[in-house]
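Student: Handing you a structure now.
What follows is calculated from the coordinates using simple rules that are stated; it is not laboratory data. Keep in mind that this is a model prediction, so the values were computed, not measured. Here Cβ is always computed from backbone atoms with ideal geometry, including for glycine, and neighbour counts include all displayed protein chains.
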Amino acid sequence: ASPTTTAESPTTTQLVTTTAERSTTSTTTEEKRLAEVEQILTDLWFGWFDAIYRKEADALWDVVATTSKFEAGLQAMDTLAFTEPPSRAGIHVEIDELLLDRADCLVPYGTTSSEFLSGKPSVTGLEVLWPDPRRDWRMATSWVFPQDLWLADCDEVTREETP
């Protein structure tokens, strides 16, 4: 009787464990990916604000993938008011949703706030990120709403060549 009971217990336990593991693994994987993307955005925003704070235009190219984003950074050098130098710890990114997660385009939607800017602003929107083999991801375009026309930015076959 003992071997039969032992055989039944692992089988029953295994079925329950397998079901629970699938659910946990899926959630854990999603949470890990969101954390990875939040870190990517934190690094990009730090590079953006740091270049603007130091007024180093060439450093913007480390984080932007388009001329329009570069020009927005140049303009921000004259308009952003900092209360202290930028830091990664002063940037808070909270992703509500990954609208697209492909090898050629990443589109997180969420809120970013910066403690080192005057007024400590918080901005909700989405960033279209393009991969760059030299720099990981770079910001291509920004949009306000998930229903905006951002998908065309991901599906562009020919992308601008930038430094």
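Student: Under a crude label model (7 Å from the Cα following the beta-carbon direction), how far is ASP96 from ALA76 in nanometres?
Tutor: 2.0 nm
Student: Still on this structure: Tell me, what ³J(HN,Hα) does each residue in the stretch 45-62 have, in order and in whole Hz, if you take phi through Karplus 6.51 cos²θ - 1.76 cosθ + 1.60 with θ = phi - 60° and put x for Gly and Pro?
Tutor: 5, 4, x, 4, 5, 5, 4, 5, 4, 7, 6, 10, 4, 4, 5, 4, 5, 5
Student: What FRET efficiency do you get for GLU160 and LYS120 if R0 is 41 Å and r is their Cβ-Cβ distance, rounded to the nearest 0.05?
Tutor: On the way: r = 33 Å, r/R0 = 0.80.
Computed FRET efficiency for GLU160 and LYS120 comes out at 0.80.
Student: ALA59 to ALA89: FRET efficiency via 1/(1 + (r/R0)^6), r the Cβ-Cβ distance, R0 25 Å, to the nearest 0.05? Provide the component values of the computation, followed by the final result.
Tutor: Values: r = 20 Å, r/R0 = 0.78.
After rounding, the FRET efficiency stands at 0.80.
Student: How do 54-67, 140-153 rank on mean C-beta neighbours within 10 Å, highest first? If you can, show how the numbers build up before the last one.
Tutor: Working: 54-67: 16.9, 140-153: 15.1.
Final packing ranking: 54-67, 140-153.
Student: Something else: Please list the three semi-axes, largest first and in whole Å, of the ellipsoid equivalent to the stretch 103-163, using sqrt of 5 times the eigenvalues of its alpha carbon gyration tensor. All intermediate terms of the calculation are to be shown ahead of the outcome.
Tutor: On the way: eigenvalues 113, 48, 16 Å².
Each semi-axis is the square root of five times an eigenvalue, giving 24, 16, 9 Å.
Student: Using each residue's phi in the stretch 139-147, evaluate 6.51 cos²θ - 1.76 cosθ + 1.60 at θ = phi - 60° and report the 3J(HN,Hα) Karplus result to the nearest Hz, with x for Gly and Pro.
Tutor: Result, ordered by residue: 7, 9, 9, 10, 9, 8, 10, x, 7 Hz.
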